[in-house]
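Working notes, beginning with the structure itself.
The values are calculated or read from the model by the stated rules, or taken from the named source; none is laboratory data. Treat the numbers as computed from the prediction; the structure is a model and nothing was measured. All Cβ positions, glycine included, derive from the backbone under ideal geometry; neighbour counts span all protein chains shown. For the accessible areas, the whole protein counts, side chains as well, though only heavy atoms, and no ligand, DNA or RNA atoms are used. Shrake-Rupley method; radii C 1.70, N 1.55, O 1.52, S 1.80 Å.
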There are 2 protein chains.
Amino acid sequence: MTGPPAFTQNTLREGFVEFAFGEPDPALLPVGLVHEAAERALLGAGPAALAYGSSEGPEALRAAIAARTAARECLPLAAGDVLVSGGNSQALGQAMTMLTEPGDVVFVECPTYNLALGIIADHPVDIVGVPMDGEGLDVAALEAAVRASNASGRRARLLYTIPTFHNPAGVSLSRPRRRRLLELACREDLIVVEDDVYRELAFEGEAPPALRAMDPAAPVVRLGSFSKSLAPGLRLGWVDAPPALRKRLASFGVLESGGCVSQFSAHVVAALLDAGAFGAHVAALRLAYASRRDALSGALREHLPAGCSVTAPDGGFFLWLTLPSGLTASELLPVAERHRVAFAAGRRFCTDGDDHSLRLAFSLYDEPSLAEGARRLATAVAEATAGRS
Amino acid sequence: MTGPPAFTQNTLREGFVEFAFGEPDPALLPVGLVHEAAERALLGAGPAALAYGSSEGPEALRAAIAARTAARECLPLAAGDVLVSGGNSQALGQAMTMLTEPGDVVFVECPTYNLALGIIADHPVDIVGVPMDGEGLDVAALEAAVRASNASGRRARLLYTIPTFHNPAGVSLSRPRRRRLLELACREDLIVVEDDVYRELAFEGEAPPALRAMDPAAPVVRLGSFSKSLAPGLRLGWVDAPPALRKRLASFGVLESGGCVSQFSAHVVAALLDAGAFGAHVAALRLAYASRRDALSGALREHLPAGCSVTAPDGGFFLWLTLPSGLTASELLPVAERHRVAFAAGRRFCTDGDDHSLRLAFSLYDEPSLAEGARRLATAVAEATAGRS
């Protein structure tokens, strides 16, 4: 087993394999590209890279994002169609503040990204979880939940969804369901916040089409990000939505006062995109993370006892492991920690507290460490199962 | 008259003196210091400068802010007492989300910073304006408003105030009133959000003591920022509050997901502070802006017709001009624009729509331009007054 990553957002315990931390391997962060780009931005844009700048982000960055989207997704955007954001968390908070009212119903997938759940819960809305299966969100169940909500006089306002390379469930929404979801959203005036943060990290050909791109007139707010494709510390993303929704988001008070986006980060990323190295960088990331997914899912298949099932994604950072019937992730965790391996228990991600699954991030470690972690986890599952029987 | 600044957040009209724009002169932005610091941060911290990092900001930056506060304000802070923010607008939005509930009453000064008013208005609270005079906020009037609010069953929750080098009113809260406000806040459990963005830009000796520093146990959330002292495009500030309030702010969902602060900007500023050039930089800014204040207030005194009064501040960016009785800023503006000078009309800053004053920023132009703008404005006032009589 090679050494642990140099540092992370979280505190790594020595000798542990920490599958809980969904963040990029520091070794894969583009320090050299950012260094060059910072120099280009400060020498090129000069003080403009340090001023308030446009509240919607620097024109050069908006144009570069629009051009890449138009070329890769057949969604004809212009610079003016893109709002630069301070990353998806900031953009989700902004969407909650500007698009919901107290008492509105907000739907989330069950499971969903735990920190997004925290952001939504900071707002005075009712949160309703909707189940998922191997094809992603159960859109028929969502339809019934929207009807029930509206019938009870509570406005079904917004769905937060991660249709592509889901965190934590590791699946993507099927195309028929994407179409049905768009139809529902248009019919019921349900705003769909599409968290599209993993799009660039597709391992098998291209990512599925974004909801936003499949129907440019539908009420879809797509959140894009450079956190996975470049570096989370830049805190930079964008919002792409039909004009009426975009304008409502752009009227955010914090945005008007220049308060979301580091213009400096934005000018640095604009310079980086302009230098033309982004495509090669994400291509290398795709190869690196696909190899890590293969290493982890292969070792899990080899070592896990019967009764476990693993969903290995076609992109992104996460595997979703469902435990043998009767064993919960929270019961397993202390056993696993004795074997120096850890994970994120399923209940963190579920509005209904379901704890029969767990999330494993394969982004932070190299292949030998991932295989070692899988062996330890398999030992812990066998031990916990034996302990229960 | 020298040429206009190279660019701004806003669109400058050719040949105009745009007093409306409260932003630093691009020529005073520390491009060289940031360039060096970015290099130091990326070579020194390396990938840590691009990772998620701690949700409360890099330790090095928190420690540097705490040390400067302890040394200059006799407020003994440690790194752990400081939360790095994405600038004051972000921090104010966070305070509104985490510290207020729907229907709460939030007090603001009348006049107050117009964009803060927009941020507060994005939240489902009742906004109540409290008058100011030459000593700053009328604390007796606030006291009465708090009593009236609580008596009517609406919770008096929070005051947003800019006690030091006020935007737009150009005054600072007197010491007796600072003490009385702190007493009121403690007695009524009224949270005071102290916007302290101009502290480093004191022209006459030291700035008045911060409310936060005068009573470290009082419910004061101080918002500090590098937007004026370094560069707005870095989008970087901090929050300094008693532990209980700080913890409530730190439980913000967006913060937990790393969603507010550009770690990259934060590491760059940490490197800049570490290099030791910050003190000399802000000393130069103080001299530059004091000279601009003098140029503008001197030219206004010389040229304005009788009946005008001007409040020239001891720090910050803004002069506040009250017009001769009967003339409103909105009536004056088209006349002024014919003379190629513009300003921010008072009603933008006032919850009661009062429009007999206007805000002039002296931050963006050099002295000859400011003097020329003052002459044009004086001509416009004389013309508008003559037109009315």
Residue that is within 21 Å of the chain's Cα centre (by Cα), within 14 Å of chain B (Cβ to nearest Cβ) and modelled with pLDDT under 95, where the choices are A:56, A:23: A:23
Could you tell me whether any residue of the stretch A:239-258 is part of a loop (DSSP other than H, G, I, E, B), within 8 Å of chain B (Cβ to nearest Cβ), open to solvent by 10 Å² or more (accessible area, probe 1.4 Å) and within 17 Å of residue B:254 (Cβ to Cβ)? yes
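Which one is farthest from the chain's Cα centre (by Cα) among residues in the stretch B:66-108 that are acidic (Asp, Glu) and more than 14 Å from chain A (Cβ to nearest Cβ)? Break it down into steps so the answer makes sense when it comes.
Taking the stretch B:66-108 as the starting set, the residues that turn out to be acidic (Asp, Glu) are B:73, B:81, B:101, B:104.
Checking the rest, the ones that are also more than 14 Å from chain A (Cβ to nearest Cβ) come to B:73, B:81.
Values: B:73: 19, B:81: 22 Å.
Checking each candidate, the answer is B:81.
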Considering only helices (runs of 4 or more DSSP H) fully contained in the stretch B:275-389, which possess at least 3 residues that are free of Cβ contacts under 8 Å to residues at least 24 places away in the same chain and aromatic (Phe, Trp, Tyr)? none
On the given criteria, is residue B:37 modelled with pLDDT of 90 or more, buried (at least 17 other Cβ atoms within 10 Å of the Cβ), outside any helix (DSSP H, G or I) and more than 8 Å from chain A (Cβ to nearest Cβ)? no
Could you list all residues from the stretch B:1-20 that are at pLDDT 90 or above, under 21 Å from the mean Cα position of the chain (by Cα) and not small (Gly, Ala, Ser)? B:18, B:19
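Given the structure, is residue B:218 over 20 Å from the mean Cα position of the chain (by Cα) and part of a loop (DSSP other than H, G, I, E, B)? Quick ask: steps written out before the conclusion?
Numbers: over 20 Å from the mean Cα position of the chain (by Cα): yes; part of a loop (DSSP other than H, G, I, E, B): yes.
Yes: the conditions hold for residue B:218.
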Residue check, residue B:330 against (1) over 21 Å from residue A:52 (Cα atoms); (2) crowded, with 18+ Cβ neighbours inside 10 Å, all met but one. Which one? (2)
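Which residues, counting only those in the stretch B:259-274, are touching a residue at least 40 places away in the same chain (Cβ under 8 Å) and within 14 Å of chain A (Cβ to nearest Cβ)?
At the first step, the residues of the stretch B:259-274 found to be touching a residue at least 40 places away in the same chain (Cβ under 8 Å) are B:260-264, B:266-274.
Of everything in the stretch B:259-274, those that are touching a residue at least 40 places away in the same chain (Cβ under 8 Å) and within 14 Å of chain A (Cβ to nearest Cβ) turn out to be B:260, B:261, B:262, B:263, B:264, B:266, B:267, B:268, B:269, B:270, B:271, B:272.
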Let me spell it out: the conditions are (1) buried (at least 22 other Cβ atoms within 10 Å of the Cβ); (2) assigned to a helix (DSSP H, G or I), and residue B:60 meets all of them except one. Which number is the exception? (1)
Could you check how many residues of the stretch A:119-143 are charged (D, E, K, R), open to solvent by less than 40 Å² (accessible area, probe 1.4 Å) and farther than 30 Å from residue B:94 by Cα? 1
Scan the stretch A:209-238 for residues that are in contact with a Lys or Arg (Cβ under 8 Å, 6 or more places away or on another chain) and open to solvent by 30 Å² or more (accessible area, probe 1.4 Å) and jot them down. A:209, A:214, A:238
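Of all residues being among the β-branched types (Val, Ile, Thr) and within 22 Å of the chain's Cα centre (by Cα) in the stretch B:236-274, which is farthest from residue A:50 (Cα to Cα)? Just the residue, please. Don't jump to the end; show me each part of the working.
Taking the stretch B:236-274 first, the residues among the β-branched types (Val, Ile, Thr) are B:239, B:254, B:261, B:268-269.
So of that shortlist, the ones also within 22 Å of the chain's Cα centre (by Cα) come out as B:239, B:261, B:269.
On the way: B:239: 22, B:261: 16, B:269: 12 Å.
Among those that are among the β-branched types (Val, Ile, Thr) and within 22 Å of the chain's Cα centre (by Cα), it is B:239.
What about residue A:46, is it open to solvent by less than 10 Å² (accessible area, probe 1.4 Å), without any contact (Cβ under 8 Å) to a residue 24 or more places away in the chain and on the phi > 0 side of the Ramachandran plot? Even if it seems obvious, please write down each step before you answer.
Values: open to solvent by less than 10 Å² (accessible area, probe 1.4 Å): yes; without any contact (Cβ under 8 Å) to a residue 24 or more places away in the chain: yes; on the phi > 0 side of the Ramachandran plot: yes.
Yes; evaluated as a whole, the condition is true for this residue.
Any idea which of A:381, A:282 is among the β-branched types (Val, Ile, Thr), crowded, with 21+ Cβ neighbours inside 10 Å and more than 22 Å from residue A:11 (Cα to Cα)?
On the way: A:282 fails: crowded, with 21+ Cβ neighbours inside 10 Å.
A:381 is the lone residue from the list that is among the β-branched types (Val, Ile, Thr), crowded, with 21+ Cβ neighbours inside 10 Å and more than 22 Å from residue A:11 (Cα to Cα).
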Could you check residue B:224 against (1) modelled with pLDDT of 95 or more; (2) over 15 Å from residue B:58 (Cβ atoms); (3) in contact with a Leu (Cβ under 8 Å, 6 or more places away or on another chain) and say which number it fails? (3)
